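A.B. asks: Have a look at the structure that comes next, please.
Laboratory data are not the source of any read-out in this text; all were calculated from the coordinates shown. Keep in mind that what you see is a predicted model, and the values were worked out from it rather than measured. Every residue, glycine as well, gets a Cβ built from its backbone with ideal geometry; the counts of neighbours run over all protein chains shown.
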Amino acid sequence: MALQADGMKPVLMMLVVQVVQAGVTIFFKLAISSGVSVPVILAYRFLLSTAVMVLAYHGTGSVTADLTWLEKLEFGTAIGIAKVFGTIMGIGGAMLFTFYKGFPIQFLKSDINLLPGTSTAHVALLASDHRVLGACLAITSCFSYAIWIILQAKMSETFPCHYTSTGLMSLMAFFQSTIYALCVERDWSQWKLGWDITLWTVAYSGTVGTALVVTLITISSRLRGPLFVAIFNPLMLVIVSLVGVFFLDEKLYLGSVLGAILIVCGLYVVLWGKHNEMKKRINEVVPSNENEGQKSVEIIVVSGSSRSSSV
């Protein structure tokens, strides 16, 4: 059964997604610190992603799994409680990670700093204070991402062609981001790609950061449901924080450590609940399949005027 054979594949795929997305965040931070136009990077990113998916498309008709379902909370069961409680732990850990600092942890300090020298663009970015707007955009992004995951899971039931759906999404994103970039970015020098951080950011975010990540998320949401995909997202905070401490001259605080612990614990609890949910559904399907295989077959043998039957 495909459901049973999936095993750890969705878990590994989502771990890859979080590592890659953390890399995208780091690349964008380095690019912004160098004074690169973000709308231009996004336009090139989705252009490259579209090209990659066109090359990757090989006419696959469908990618099957025997069972697909959206989330059932099942509050009265240990599985439902684990999924809800683990999700709350993950969200709480992310909030603690973001809003509480505490005292700094100095023993993990590194002397490596990949950030370029202070640029005027970076200073202007730090000086600007649009916290309310930033918070509203962040919340909107979270809702949009949640809706997108659910739509991916539902769409995969009737259109399980992940290369095609990712390519179409990248193409539409390219049109939208290009129109926006042309409207807001009038400095044509920003559109020139050289052998610098802009090129590496576009190459990384367009290939693995979009083409690979969206495909893996689509497959994972089909195999394990939207909650399974979403619960991994706070893990990216931990990865970005560790990279920032060791390579971007950032500080690690007590709140980050406590938040990371909650995030990992919440992830484990949800995965435990999802694992037991999978076992439960497999047990519900296997007996019915066995019963179907044990159905009696009636054989009728006709010889002249005599007729006999056996079961």
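A.B. asks: May I ask for the net charge around Lys29, where only other residues with Cβ less than 13 Å from the Cβ of Lys29 are counted and Lys, Arg are +1 while Asp, Glu are -1?
C.D. replies: Details: positive: none; negative: Asp249, Glu250.
Around Lys29, the charge tally is -2.
A.B. asks: Okay, next question. State, to one decimal in nm, how far the label point of Ile282 lies from the label point of Met8, with both points 7 Å from Cα in the Cβ direction.
C.D. replies: 1.5
A.B. asks: Where does the charge balance sit around Trp148 when Lys and Arg score +1, Asp and Glu -1, over other residues with C-beta under 15 Å from its C-beta? Provide the component values of the computation, followed by the final result.
C.D. replies: Details: positive: Lys154, Arg222; negative: none.
Every neighbour counted, the sum reads +2.
A.B. asks: Now a separate question. Beta carbons within 10 angstrom, averaged per residue: use that to sort the peptides 163-176, 38-51, highest first. Please report the intermediate quantities before stating the final value.
C.D. replies: On the way: 163-176: 17.9, 38-51: 22.1.
Ranking the peptides 163-176, 38-51 by packing returns 38-51, 163-176.
A.B. asks: OK, next. Expected output is a single nm value to one decimal: the length gained when fully extending between Tyr268 and Cys183, i.e. 0.36 nm times separation in residues minus the C-alpha distance. What is it? Walk me through the intermediate numbers first.
C.D. replies: Details: separation 85, 0.36 × 85 = 30.60 nm, distance 4.49 nm.
Stretched fully, the Tyr268-Cys183 segment lengthens by 26.1 nm.
A.B. asks: Also: Taking region 181-286 on its own, what percent of its Cα-Cα pair distances exceed 24 Å?
C.D. replies: Working: 2869 of 5565 pairs.
Result for the distance tail: 52 percent.
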